[in-house]
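Enquirer: Take this structure, written in structure tokens, and hold onto it; I'll ask about it next.
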Amino acid sequence: MRVLVTGGAGYIGSVVAAQLVAAGHEVAVLDDLSTGHADAVPAGVTFVKGTLRDCAAEVLADDIEAVLHFAAKSLVGESMAEPARYWSTNLGGTLALLEAMREIGVRTIVFSSTAAVYGEPERTPITETDPTRPTNPYGASKLAVDTALTEFARLYGFGVVSLRYFNVAGAHQGADGGWLGERHHPETHLIPAALAAATTGRRMQIFGGDYATPDGTCIRDYIHVTDLAGAHLRALAACQQGRHRIYNLGHSTGFSVCEVIDVCREVTGADIGSDVVARRPGDPAVLVASAARIQAELGWRAVRDLRAMAADAWEFTQARGAR
């Protein structure tokens with residue numbers, strides 16, 4: 001199958017692109033490199049630099065049969081400060097992509113959604129039928145895309161799967177031994193930030209120590225990026241015309257910020273210092289997934305644990321430092 005990966009120079013998109021190539025698919029990547037890296041695009045992939053609005057139709061016209069859509073802005077704090085940017089990029093860009101797909105006749109799409117659509121949950125673990133009440137523009141814009149996808153499935157016969165991730169971590173080692181991992185600027189994700197602190201000696205900031213959790217810090221469900229990418233390949237094969245299916249991806253186990261930092265200390269052998277600072281606006285106290293639906297329907301489950309995520313991310317960090 002010839003597949004387009006939007007945002008395929010980013011952290012998750014590049015790992016999915018690598019797994020698609022390994023599975024024998026022909027892959028094209030469209031990325032504007034605003035947050036992605038050209039050297040993360042796997043070998044053997046056709047790369048086009050550009051935006052969804054400007055280039056999607058041109059790339060889709062090159063015999064594309066399906067789309068895996070990752071191109072988006074994804075920082076909660078930034079979305080609170082610049083909501084219009086998130087609506088324009090995440091919803092507006094996706095609508096441009098969907099219209100181009102409709103006009104050209106591409107009807108299969110797997111969407112990179114987020115647990116942020118649930119907001120502050122009433123219960124954990126969270127199921128796909130629980131209320132969606134996002135607490136920030138990032139989650140709200142992703143939920144709006146899910147609504148649009150439901151309509152495109154109903155009205156135009158699109159086959160759609162949305163995957164709602166919880167916290168993604170770790171690094172992926174390709175067949176050539178090279179690593180693909182997180183390179184955000186600035187880095188806001190907990191595990192790579194902790195590993196950076198281990199190498200620089202800088203102290204970590206913990207956003208909020210007064211949540212209603214055992215140690216007062218936020219609890220999140222973590223999933224290894226390699227496991228996550230495997231779910232996308234299963235979702236691609238499961239797309240059915242006229243149907244929009246939604247799945248949570250996670251371990252169904254939560255870890256607090258303090259617990260994650262402790263694992264990073266263990267993996268690196270470094271005494272990573274930390275300071276509690278004010279909460280970030282829009283951060284729920286606990287987000288833990290129920291992945292029972294995707295396990296039952298597609299046979300997927302996360303297998304790599306938190307230590308493996310930290311250890312692989314540390315391998316990637318060390319490999320980057322050696323360059």
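The values are calculated or read from the model by the stated rules, or taken from the named source; none is laboratory data. This is a predicted model, so every value here is computed, not measured. Positions of Cβ are generated from backbone atoms using ideal geometry, with glycine treated the same way; all protein chains shown enter the neighbour counts. The accessibility values were calculated without ligands, DNA or RNA, using every heavy atom of the protein model including side chains. Shrake-Rupley method; radii C 1.70, N 1.55, O 1.52, S 1.80 Å.
Enquirer: If you go through region 21-75 one residue at a time, how many are among the aromatic types (F, W, Y) and either in a loop (DSSP other than H, G, I, E, B) or closer than 19 Å to F158 by Cβ (or both)? Reasoning before the result, please.
Expert: Taking region 21-75 first, the residues among the aromatic types (F, W, Y) are 47, 70.
In the following step, the residues that additionally are either in a loop (DSSP other than H, G, I, E, B) or closer than 19 Å to F158 by Cβ (or both) were identified as 70.
Residues that pass the stated criteria total 1.
Enquirer: So which residues in region 237-248 are in a helix (DSSP H, G or I) and touching a Leu at 6+ places or on another chain (Cβ under 7 Å)?
Expert: Quick first cut of region 237-248, residues in a helix (DSSP H, G or I) only: 237-238.
Of everything in region 237-248, just one residue is in a helix (DSSP H, G or I) and touching a Leu at 6+ places or on another chain (Cβ under 7 Å), namely A238.
Enquirer: Considering only region 179-189, I want to know if a residue exists there that is open to solvent by less than 40 Å² (accessible area, probe 1.4 Å), part of a loop (DSSP other than H, G, I, E, B) and of a type in the set (D, E).
Expert: Kept after step one, since they are open to solvent by less than 40 Å² (accessible area, probe 1.4 Å), are these residues of region 179-189: 180-182.
With part of a loop (DSSP other than H, G, I, E, B) added as a condition, the list becomes 181-182.
Pick out the ones that are also of a type in the set (D, E) and you get 182.
The answer is yes, given that some residue of region 179-189 is open to solvent by less than 40 Å² (accessible area, probe 1.4 Å), part of a loop (DSSP other than H, G, I, E, B) and of a type in the set (D, E).
Enquirer: Could you please tell me which pairs satisfy a Cβ distance under 9 Å, a separation of 6+ or placement on different chains, a first residue in region 249-262 that is in contact (Cβ under 8 Å) with a residue 40 or more places away in the chain and part of a helix (DSSP H, G or I), and a second residue that is hydrophobic (A, V, I, L, M, F, W, C) and open to solvent by 40 Å² or more (accessible area, probe 1.4 Å)?
Expert: Filtered contacts from region 249-262: V257/F207.
This table checks each residue for (1) in contact with a Phe, Trp or Tyr (Cβ under 6 Å, 6 or more places away or on another chain); (2) over 21 Å from D283 (Cβ atoms); (3) crowded, with 21+ Cβ neighbours inside 10 Å.
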| residue | (1), (2), (3) |
| --- | --- |
| P83 | no, no, no |
| A96 | no, yes, no |
| M101 | no, yes, yes |
| I104 | no, yes, no |
| P137 | yes, no, yes |
| L155 | no, yes, no |
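Enquirer: Oh, and also: How many of the residues in region 193-210 are in contact with a strand residue (DSSP E or B) (Cβ under 8 Å, 6 or more places away or on another chain) and either outside any loop (DSSP other than H, G, I, E, B) or not charged (D, E, K, R) (or both)?
Expert: As a first pass, look at region 193-210 and keep what is in contact with a strand residue (DSSP E or B) (Cβ under 8 Å, 6 or more places away or on another chain): 193-194, 197, 203-209.
Among the residues that remain, those that are also either outside any loop (DSSP other than H, G, I, E, B) or not charged (D, E, K, R) (or both) are: 193-194, 197, 204-209.
The number of residues fulfilling the criteria is 9.
Enquirer: Right, something else. Could you give every pair whose Cβ atoms fall below 8 Å, whose first residue belongs to region 19-44 and is over 20 Å from A237 (Cβ atoms) and open to solvent by 60 Å² or more (accessible area, probe 1.4 Å), and whose second residue is small (G, A, S) and outside any strand (DSSP E or B), counting only separations of at least 6 or pairs across chains?
Expert: D32/G50; D32/A71; T35/G10
Enquirer: Which number in (1) out of contact with any Asp or Glu (no Cβ under 9 Å at 6 or more places or on another chain); (2) surrounded by fewer than 19 Cβ atoms within 10 Å (Cβ to Cβ) marks the one condition that D54 misses?
Expert: Among (1) out of contact with any Asp or Glu (no Cβ under 9 Å at 6 or more places or on another chain); (2) surrounded by fewer than 19 Cβ atoms within 10 Å (Cβ to Cβ), D54 violates only (1).
Enquirer: With respect to P131, determine if the residue is over 30 Å from P42 (Cα atoms) and either of a type in the set (A, V, I, L, M) or open to solvent by 30 Å² or more (accessible area, probe 1.4 Å) (or both). Full working, then the answer.
Expert: On the way: over 30 Å from P42 (Cα atoms): yes; either of a type in the set (A, V, I, L, M) or open to solvent by 30 Å² or more (accessible area, probe 1.4 Å) (or both): yes.
When the stated conditions are applied, P131 passes them.
Enquirer: Then there is this: Of all the residues that make up region 282-323, how many are open to solvent by less than 80 Å² (accessible area, probe 1.4 Å), of a type outside the set (V, I, T) and outside any helix (DSSP H, G or I)?
Expert: Within region 282-323, residues that are open to solvent by less than 80 Å² (accessible area, probe 1.4 Å), of a type outside the set (V, I, T) and outside any helix (DSSP H, G or I) number 11.
Enquirer: Any idea which residue in region 157-174 is nearest to the chain's Cα centre (by Cα), counting only those that are open to solvent by less than 10 Å² (accessible area, probe 1.4 Å) and over 24 Å from G242 (Cα atoms)?
Expert: Here the answer is A169.
Enquirer: In addition: For region 240-281, enumerate the residues that are of a type outside the set (K, R), under 18 Å from T188 (Cα atoms), touching a strand residue (DSSP E or B) at 6+ places or on another chain (Cβ under 8 Å) and open to solvent by 60 Å² or more (accessible area, probe 1.4 Å).
Expert: Within region 240-281, F255, D275, V276, A278 meet the criteria.
Enquirer: Let me ask you something else. Is there a residue being touching a Ser or Thr at 6+ places or on another chain (Cβ under 9 Å), open to solvent by 60 Å² or more (accessible area, probe 1.4 Å) and of a type in the set (D, E) anywhere in region 116-124? If you could, list the steps in order and put the result at the bottom.
Expert: Here is the first cut: in region 116-124, the residues touching a Ser or Thr at 6+ places or on another chain (Cβ under 9 Å) are 116-120, 124.
After this cut, where a residue has to be open to solvent by 60 Å² or more (accessible area, probe 1.4 Å) as well, the list is 120, 124.
Imposing the further condition that a residue be of a type in the set (D, E) reduces the set to 120.
Checking region 116-124: at least one residue is touching a Ser or Thr at 6+ places or on another chain (Cβ under 9 Å), open to solvent by 60 Å² or more (accessible area, probe 1.4 Å) and of a type in the set (D, E).
Enquirer: Would you pick out the residues in region 68-98 that are of a type in the set (V, I, T) and under 14 Å from S113 (Cβ atoms)? If you could, list the steps in order and put the result at the bottom.
Expert: Let us first name the residues in region 68-98 that are of a type in the set (V, I, T), namely 76, 89, 94.
Within region 68-98, just T94 meets the criteria.
Enquirer: Within region 1-20, how many residues turn out to be assigned to a helix (DSSP H, G or I) and either farther than 16 Å from A56 by Cβ or polar (S, T, N, Q) (or both)? Reasoning before the result, please.
Expert: The first filter runs over region 1-20 and keeps only residues assigned to a helix (DSSP H, G or I), leaving 11-20.
Keeping just the survivors that are either farther than 16 Å from A56 by Cβ or polar (S, T, N, Q) (or both) gives 11-12, 14-20.
Looking only at that region, the number is 9.
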